[in-house]
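Notes follow once the structure below has been shown.
The values are calculated or read from the model by the stated rules, or taken from the named source; none is laboratory data. Keep in mind that what you see is a predicted model, and the values were worked out from it rather than measured. Backbone-built Cβ (ideal geometry, glycine too); neighbour counts: all protein chains shown. In case anyone asks, the SASA skips ligands and DNA or RNA and just uses the protein heavy atoms, side chains included. Shrake-Rupley method; radii C 1.70, N 1.55, O 1.52, S 1.80 Å.
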Amino acid sequence: MPPSQLNNSGSTAPLPTTTTTIPRCYGNMNTSMIESKFLSHPQDLGIVAVGFSGGQGKAGVDAAPTALIESGLLTQLRDELGYRLHGHDAVHLYTDLVPARDPPHRGMKNPRAVSAVTRRIAEQVHAQAREGRLVLTLGGDHSIAIGTIAGSASAVRARLGRELAVIWVDAHADINTPETSGSGNVHGMPVAFLTGLAKEETEEGVFGWIGDEHRISVKKLVYIGLRDVDAAEKKILRENGIKAFSMFDIDRHGIGRVMEMALAHIGSDTPIHLSFDVDAIDPMWAPSTGTPVRGGLTLREGDFICESVHQTGSLVALDLVEVNPRLERDTGNDLGANETVRAGCSLVRCALGESLL
Ligand SMILES: [Mn+2]
């Protein structure tokens, strides 16, 4: 990707130029033959690069889009998978939306910043999705999914009059309400806000901008890869009958059968938003992330999830979040940082149509 068309306004960063230490993603030169069911322009890919880390406490996750782009991801999507890219000329930092004072609200940290940034992300994703394009968001911490899914759900409603299904691949359920959260980090709460389990009473309040048009049904939500779920979250999952495939289920049935069951639960007539937290992958392959948990998916299982979702023809949007190259780099483990970036690239390519044969 030539770093020539830069948007250097206050809230964006220029695209990275090549350095010597970057990991390379190696693509496979295969273009998918799967026909899209819900996109009017399936070869057009809207990119939203989100350099935001305010949903949790560790710096560096905001540098992920730049690292992923530096490693050649967008070039591969364009040159090897044949996508026309839109919105790829800047990494958004949203500094203009972060208030000077942002004291906790209902225990949430950085509540106004996360609310304002996710609202802007929802508009960005909606604008791309409204054109009938596939939307790829590169995060950023997982709080940004409040924006990506809100934007995707509202666009699918407006364009097709349909509900949106969400496949949430993660070690964590991210479904705490502000009241059940122990940390106050909003990256552990996005699903609660998106399903309406957590709400703000007034439109002016934090996340008060989220309306019915932005929300998803708990019936169209499926988790894959869970292994570190808080007690309060387990109760929420049970009481709302939310479909969840933990690592136990993957061990018992195998990833192939789990994907059949997950996709059968959603049905073939519903557009899918895939929100992939890289911490779903075992730290053996993806160590450079904010909250790693051992006993996770192999990289192949992660790729398989993405390949399976692609094959449905129902994918309308994809998030890749929580890649934090700085965490491993700062402890002198460049390899761990590079492997995590490469894992992220591989997941994205698989979801967007790369196949082994
Ligand atoms: Mn997550």
Checklist entry - Given the residues Ala122, Ala113, which is the only one that is under 17 Å from the mean Cα position of the chain (by Cα) and surrounded by 20 or more Cβ atoms within 10 Å (Cβ to Cβ)? => result Ala122
Checklist outcome for this item: Restricted to the stretch 69-93 and to residues being out of contact with any strand residue (DSSP E or B) (no Cβ under 8 Å at 6 or more places or on another chain) and hydroxyl-bearing (Ser, Thr, Tyr), the residue nearest to His41 (Cα to Cα) is Thr75
Checklist outcome for this item: Among the residues of the stretch 169-224, the number that are of a type outside the set (D, E, K, R) and farther than 30 Å from Glu307 by Cβ is 21
Checklist entry - If only one of Thr289, Thr298, Thr312 is in contact (Cβ under 8 Å) with a residue 12 or more places away in the chain, among the hydroxyl-bearing types (Ser, Thr, Tyr) and within 16 Å of the ligand (Cβ to nearest atom), which one is it? => result Thr289
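Listed here are the residues, each with its yes/no results for (1) at pLDDT below 95; (2) surrounded by fewer than 18 Cβ atoms within 10 Å (Cβ to Cβ).
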| residue | (1), (2) |
| --- | --- |
| Thr12 | yes, no |
| Ile47 | no, no |
| Ile69 | no, no |
| Thr75 | no, yes |
| Lys109 | no, no |
Checklist outcome for this item: Over the stretch 86-107, the set of residues open to solvent by less than 40 Å² (accessible area, probe 1.4 Å), aliphatic (A, V, I, L, M) and farther than 22 Å from Val323 by Cα is Leu97
Item to check | Test result for Gly151, over 16 Å from Asp277 (Cβ atoms) and either among the polar types (S, T, N, Q) or open to solvent by less than 60 Å² (accessible area, probe 1.4 Å) (or both) | outcome: yes
Next on the checklist: Of everything in the stretch 157-166, what is more than 15 Å from the ligand (Cβ to nearest atom) and either open to solvent by less than 10 Å² (accessible area, probe 1.4 Å) or part of a loop (DSSP other than H, G, I, E, B) (or both)? Give them in sequence order.
Outcome noted: Gly161, Arg162, Glu163, Leu164, Ala165
Checklist entry - Which condition number in (1) under 23 Å from Gly46 (Cβ atoms); (2) away from the ligand (no atom under 16 Å from the Cβ) is the one that Arg329 fails? => result (1)
Checklist entry - What pairs can you find where one residue is in the stretch 170-181 and in contact (Cβ under 8 Å) with a residue 60 or more places away in the chain, the other is within 13 Å of the ligand (Cβ to nearest atom) and open to solvent by 20 Å² or more (accessible area, probe 1.4 Å), and their Cβ atoms are less than 6 Å apart, with a gap of 6+ or different chains? => result Ala171/Arg227; Ala171/Asp228; Ala171/Val293; His172/Asp228; Ala173/Val229
Checklist entry - Does Asp251 qualify as being among the acidic types (Asp, Glu) and without any contact (Cβ under 8 Å) to a residue 12 or more places away in the chain? => result yes
Checklist entry - Can you tell me how many residues in the stretch 122-151 are touching a strand residue (DSSP E or B) at 6+ places or on another chain (Cβ under 6 Å), β-branched (Val, Ile, Thr) and within 16 Å of the ligand (Cβ to nearest atom)? => result 4
